[in-house]
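Below is one structure, written out as structure tokens; the observations come after it.
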Amino acid sequence: MIGAAFRVMLLSLVRDRAALVMAFVLPTVIFSIFAAIFSGAIGDRIRIHLGLADLAGTPATHRLMDALSADPSLRVTRLDAKSLAEVAREVRAGEVDVALALRGDLIAGTSSDAAAPADQPIVLVENPAKALATPIALGQLQRVLNEAMPDVVLSRVIADVERTGKIGADERRFLDDAFAEQRAKKEPFSFASLVERVSTASGTANARVSYYAGAITAVFLLFAAMQGALSLVEERESGLSDRLMAGPGGLPVVVLGKFGFLTAQGVVQAGLIFLAAGLLYGVEIGPHWPAFLAACLLVSAMAAGLALAACALAASRQQAHLAATFGVLLLSAVGGSMVPRFLMPPWLQQAGWLTPNAWAIEAYQSALGEGLPAALPALAVLAAMALAGLGVALASVSRRTI
Amino acid sequence: MGRPLGPVPSEPVAVLGGVSLALRGRTVLDGIDLALGAGETLALLGPNGAGKTSLMRLVAGRLTPDAGSVRVGGADPHRSGEARRAVGWVPQEIALYPRLTVAENLSVFAQLAGLPRRERREAVARVLALADIADVAGRVVATLSGGYQRRVNIAAGLIGQPALVLLDEPTNGVDLAARAAIHAVLQRLREQGTAILIATHDFPEAERLADRVAFLAQGRIVREGHLADLLARLRTGPPERELILDTAPDTAAELVLRRAGFTPAGASGLRWRTGERAGLDGAALLGTLRAQGVPVSEVRVRSPRLETLYLEALRPRDVGEAGAAARPLTAGLTR
């Protein structure tokens, strides 16, 4: 009897060409789009659009302009602005995300010059709507200064020392020359390379991509399962439930059949998403396939169980639609399927553990990163959610009389 | 228990005893007694909201009564899967999977009815033949005409060879040809010894199909008995007369009609009917009423039918005695 409900779902899907295409083509399309968004948003290169305006026009500012323009992690537009006000106008108009205006020479003046308290040759013009761009621009500026113009940085330090009277003008000139010579020989300055980067990634793209592959799988399967489970509401409204309930197995066998179908459909959809992740981003399942399969199966079962519970409890088609759209959107937003959870406020990060999405992401990340033992806690939570959802759905349709 | 107005052909397939049911605090059925034997067809007639569908849901085991008992084949259909298996339910709606073919739908319902795989093909062929729909077996249900969909809807209820078939307004919204086809299906079923409980608003249909009729009003059976007995008793009485008016009667004309014992038949106000013994023949009645300002265009005289019985059974008991007592029109009325 359970097989009959499975067969109905399968035949109905196969006969509806549009639904069929959407069920099995959309996962890869949506993954490709979301993956591009995610990799831009949480990848190691957030290529903000930086505006540059050289108002001073000195050799040092020219060098900085060139160094910033040449940096691959920035998208630079040279602004044709003549004043700070014009730079601000460009930022406000959204021509660039953030702008740096070089209004003074970067080389510090001699000791005879008055050390102006506001000796800040670079002005950063920010847009509050794009606040994230400011720290990125500042960090990148500091990095480019250290890497491409260490002599300029050092000359400002020496100028400070000279101003205190600890060294004289001759000594300063000597040091400046020495640094310029070292730079000309392309000998490294140790302060410019204080940091060595070590990654937890084990060579494959798994650690980087499995977050958003898991995130997208969770949200997609929840939406797909809700669409499939809506048939429960449609059957109620078309009188089919009347006929099904009159049968010896009643509606519970129909719910079980739908659960089986939606879980199987989810496994195929998750497989397609990870196939795209493998082809486009080099995700490797390799030795972790048992854990990966378990994650696919339990994430699909979780989505099917929750969707069936929502549709069994819904008193009308409208209620089911609301649950399908707003409910899934809310769970996905809080659970990290749309914005990575580490970017959220701490309380929301904690609240995320109450959503199925967070556990689905956790299951995929640990399954593909470390294997089955590490994924077990998340898999157990998903299994519990699947069983709870299925239990609620079965209890609800058993109690329903009309 | 049901009043045995005639011999019940065999052991009852379904028995309802003192059944009462309330849904959401509203009394839906109140003290229902009914019995239905094998091969017997019972038509359930009553206005919308009278409790017909609820009564069928009780027999199908979908609901359980608050008081009294429901037995199908001796068991409670709400608790016993075996009892439910003996019931074929044909809902009012087209309860079919629209994207599946006729044969696929029937096969799915066979599977849901618990038929083993080896018996399914045979069961599908059997109901295709029974409902005379083998020619559309391969068609997707959504592409069928309304009449065919109704027949498939009935066929799906017969797949498990039920001893009792419940039909809720099976010919609702179909053309005459489809209606005749559906009646033929039900006739074949009856010949096979299947008990049929049919809820309908269609009096000619009930007259044609039913062995017994039960009128249901406000959750109670107000009259029940063998159709032949009920009609025989009616036909010994005065003929029924129906008036067709040109326009709806004004207050004065309405008063004349009511005093003459006529009551409106239908909501339009253009058809009035009486079963009272009359002092005038058709032509004289037409002239008399016209003379009194009633816009009558036609008088029909015919022997009373089931509908007359129904209207009589459902008419509030106190109306006849109150106020303007009906009295036969006589020529003397025209003063």
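The values are calculated or read from the model by the stated rules, or taken from the named source; none is laboratory data. Computed from a prediction, not measured in an experiment: that's the story for all the values here. Note: ideal-geometry Cβ built from the backbone for every residue, glycine included; neighbour counts use all protein chains shown.
Would you be able to say whether some residue in the stretch B:14-31 is more than 14 Å from chain A (Cβ to nearest Cβ), closer than 25 Å to B:L230 by Cβ and modelled with pLDDT under 85? The answer is no; no qualifying residue exists.
Of the residues A:A324, A:A351, A:A367, A:A314, only one is surrounded by 17 or more Cβ atoms within 10 Å (Cβ to Cβ), in the same structural domain as A:A215 (by TED's automatic domain parsing) and out of contact with any Phe, Trp or Tyr (no Cβ under 9 Å at 6 or more places or on another chain); which?
Details: A:A324 fails: out of contact with any Phe, Trp or Tyr (no Cβ under 9 Å at 6 or more places or on another chain); A:A351 fails: surrounded by 17 or more Cβ atoms within 10 Å (Cβ to Cβ); A:A367 fails: out of contact with any Phe, Trp or Tyr (no Cβ under 9 Å at 6 or more places or on another chain).
After applying the criteria, what remains is A:A314.
Listed by first and then second residue, the pairs linking a residue in the stretch B:91-120 that is at the interface with chain A (Cβ under 7 Å from one of its Cβ atoms) and at positive phi to a residue that is buried (at least 21 other Cβ atoms within 10 Å of the Cβ) and assigned to a helix (DSSP H, G or I), with Cβ atoms under 7 Å apart and 6 or more places separating them unless they lie on different chains, are B:G114/B:R85.
Do you know which of the residues in the stretch B:247-269 that are within 20 Å of B:Y310 (Cβ to Cβ) and at pLDDT below 85 is surrounded by the fewest Cβ atoms within 10 Å (Cβ to Cβ)? The residue in question is B:A267.
When the stretch B:73-90 is limited to residues that are touching a residue at least 60 places away in the same chain (Cβ under 8 Å) and in contact with a strand residue (DSSP E or B) (Cβ under 8 Å, 6 or more places away or on another chain), the one that is nearest to the other protein chains (Cβ to nearest Cβ) turns out to be B:W89. The set of residues in the stretch B:253-295 that are touching a helix residue (DSSP H, G or I) at 6+ places or on another chain (Cβ under 6 Å) and either under 25 Å from B:P204 (Cβ atoms) or in the same structural domain as B:E207 (by TED's automatic domain parsing) (or both) comprises B:W272, B:G275.
Of these, B:V124, B:V152, B:V165, which one is part of a helix (DSSP H, G or I), touching a helix residue (DSSP H, G or I) at 6+ places or on another chain (Cβ under 7 Å) and either under 18 Å from A:S12 (Cβ atoms) or within 12 Å of chain A (Cβ to nearest Cβ) (or both)? Give the derivation first.
On the way: B:V124 fails: either under 18 Å from A:S12 (Cβ atoms) or within 12 Å of chain A (Cβ to nearest Cβ) (or both); B:V165 fails: part of a helix (DSSP H, G or I).
After ruling out the rest, the residue left standing is B:V152.
May I ask you to list the residues in the stretch A:226-240 that are away from chain B (no Cβ under 11 Å) and either of a type outside the set (V, I, T) or free of Cβ contacts under 8 Å to residues at least 12 places away in the same chain (or both)?
Within the stretch A:226-240, the subset away from chain B (no Cβ under 11 Å) is A:226-230, A:232-233.
Residues satisfying the conditions are A:M226, A:Q227, A:G228, A:A229, A:L230, A:L232.
In the list A:D71, A:D16, A:D44, which residue meets the criterion of being at pLDDT below 90, under 30 Å from A:A225 (Cα atoms) and not small (G, A, S)? It would help to see each step written out before you state the result.
Details: A:D71 fails: under 30 Å from A:A225 (Cα atoms); A:D44 fails: under 30 Å from A:A225 (Cα atoms).
None of the other options fit; the residue is A:D16.
Only one entry of A:A81, A:A56, A:A101, A:A36 meets the criterion of being more than 14 Å from every other protein chain (Cβ to nearest Cβ) and either in a strand (DSSP E or B) or among the hydroxyl-bearing types (S, T, Y) (or both), and that entry is A:A101. When the stretch A:181-192 is filtered for residues that are touching a residue at least 40 places away in the same chain (Cβ under 8 Å) and over 14 Å from A:M149 (Cβ atoms), nothing remains. Every listed requirement among (1) closer than 22 Å to A:G371 by Cβ; (2) within 13 Å of chain B (Cβ to nearest Cβ) is met by A:S210 save one, (2). Output the residue which, of all residues in the stretch B:47-72 that are in contact with a Leu (Cβ under 8 Å, 6 or more places away or on another chain) and on the phi > 0 side of the Ramachandran plot, is nearest to the other protein chains (Cβ to nearest Cβ). Per the stated criteria, the residue is B:G51.
Considering only the stretch B:139-149, how many residues are touching a strand residue (DSSP E or B) at 6+ places or on another chain (Cβ under 8 Å) and either closer than 18 Å to B:A195 by Cβ or more than 10 Å from chain A (Cβ to nearest Cβ) (or both)?
Filtering the stretch B:139-149 down to residues touching a strand residue (DSSP E or B) at 6+ places or on another chain (Cβ under 8 Å) leaves B:139-141.
Applying the additional criterion that residues be either closer than 18 Å to B:A195 by Cβ or more than 10 Å from chain A (Cβ to nearest Cβ) (or both) yields B:139, B:141.
Here the count works out to 2.
The test for being more than 14 Å from every other protein chain (Cβ to nearest Cβ), crowded, with 21+ Cβ neighbours inside 10 Å and of a type in the set (G, A, S) does not hold for A:G247.
Only one of (1) aliphatic (A, V, I, L, M); (2) at pLDDT 90 or above; (3) within 30 Å of B:L96 (Cβ to Cβ) is not met by A:A85, so which one is it? In the conditions (1) aliphatic (A, V, I, L, M); (2) at pLDDT 90 or above; (3) within 30 Å of B:L96 (Cβ to Cβ), A:A85 misses (3) alone. Among the residues of the stretch A:250-286, those that are within 12 Å of another protein chain (Cβ to nearest Cβ) and of a type outside the set (A, V, I, L, M, F, W, C) comprise A:G250, A:P252, A:G257. For the stretch A:138-182, a residue qualifies if it is in contact with a Leu (Cβ under 9 Å, 6 or more places away or on another chain), of a type in the set (G, A, S) and farther than 21 Å from A:E196 by Cα, and exactly one does: A:S155.
Of all helices (runs of 4 or more DSSP H) completely enclosed by the stretch B:17-119, which ones contain at least 3 residues that are within 21 Å of the chain's Cα centre (by Cα) and of a type in the set (S, T, Y)?
On the way: elements: B:52-60, B:81-85, B:102-112.
Of the helices (runs of 4 or more DSSP H) lying wholly inside the stretch B:17-119, none has at least 3 residues that are within 21 Å of the chain's Cα centre (by Cα) and of a type in the set (S, T, Y).
So, B:L234, is that one at pLDDT below 85 and closer than 25 Å to B:L309 by Cα or not? Quick ask: steps written out before the conclusion?
Working: at pLDDT below 85: yes; closer than 25 Å to B:L309 by Cα: yes.
Against the criterion (at pLDDT below 85 and closer than 25 Å to B:L309 by Cα), B:L234 qualifies.
For the subset of the stretch A:4-21 comprising residues that are out of contact with any Leu (no Cβ under 7 Å at 6 or more places or on another chain) and surrounded by fewer than 16 Cβ atoms within 10 Å (Cβ to Cβ), which member is nearest to the other protein chains (Cβ to nearest Cβ)? Among those that are out of contact with any Leu (no Cβ under 7 Å at 6 or more places or on another chain) and surrounded by fewer than 16 Cβ atoms within 10 Å (Cβ to Cβ), it is A:D16.
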